[in-house]
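What follows is a single structure, written as structure tokens, with notes after it.
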Amino acid sequence: MRTRTILLLSTAILILMAAYLSRDRSEPAPTEPPAAVTPVPETIPSEPPVPSSLGEHVPPFHADAASARPYPRILPAEQFRAYPAAARAYRVAAAMPDVLAQLPCYCWCVKFGHGSLLDCFASPHGAG
């Protein structure tokens, strides 16, 4: 009697496992494509976003290095010793601030008052 019960339970478990493994795991196709979400950044009034060739808005940046002066104080790379990639980024920012001042930052930190990628390295924000 005991062997028969074990056999029945084993068979039931195997049937349930087979049913579980054979079920359709593909996700149903969406009925309509999701709408493209374009982030709308808050802009610095003196520098509106520049439309790119793709029709997207480019975050603020300085047209030339002179217009970015005085440069913000870049945090020392030694602060990020535990994070080698971040430390290297801060060393690069300190070595070529004129280049980073002319690059937009796509994390949309303009809402914090940043005017270019260089401003990200005046705080730990550039490490994140």
Count, please, the residues in region 99-114 that happen to be modelled with pLDDT of 80 or more and of a type in the set (Phe, Trp, Tyr). 0
Can you tell me which residue within region 80-128, out of those that are aromatic (Phe, Trp, Tyr) and in a helix (DSSP H, G or I), is farthest from Pro59 (Cα to Cα)? Phe80
Could you please tell me which pairs satisfy a Cβ distance under 8 Å, a separation of 6+ or placement on different chains, a first residue in region 108-122 that is touching a residue at least 24 places away in the same chain (Cβ under 8 Å) and more than 11 Å from Tyr71 (Cα to Cα), and a second residue that is assigned to a loop (DSSP other than H, G, I, E, B) and among the hydroxyl-bearing types (Ser, Thr, Tyr)? Val110/Thr43
Only residues that are of a type in the set (Gly, Ala, Ser) and either under 25 Å from the mean Cα position of the chain (by Cα) or more than 9 Å from Asp98 (Cβ to Cβ) (or both): list them for region 64-79, please. Ser67, Ala77
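The values are calculated or read from the model by the stated rules, or taken from the named source; none is laboratory data. Note that the coordinates shown come from a computational prediction; the quantities given were computed from them, not determined experimentally. Neighbour counts are summed over all protein chains in view; Cβ atoms, including those assigned to glycine, are modelled from backbone coordinates with ideal geometry.
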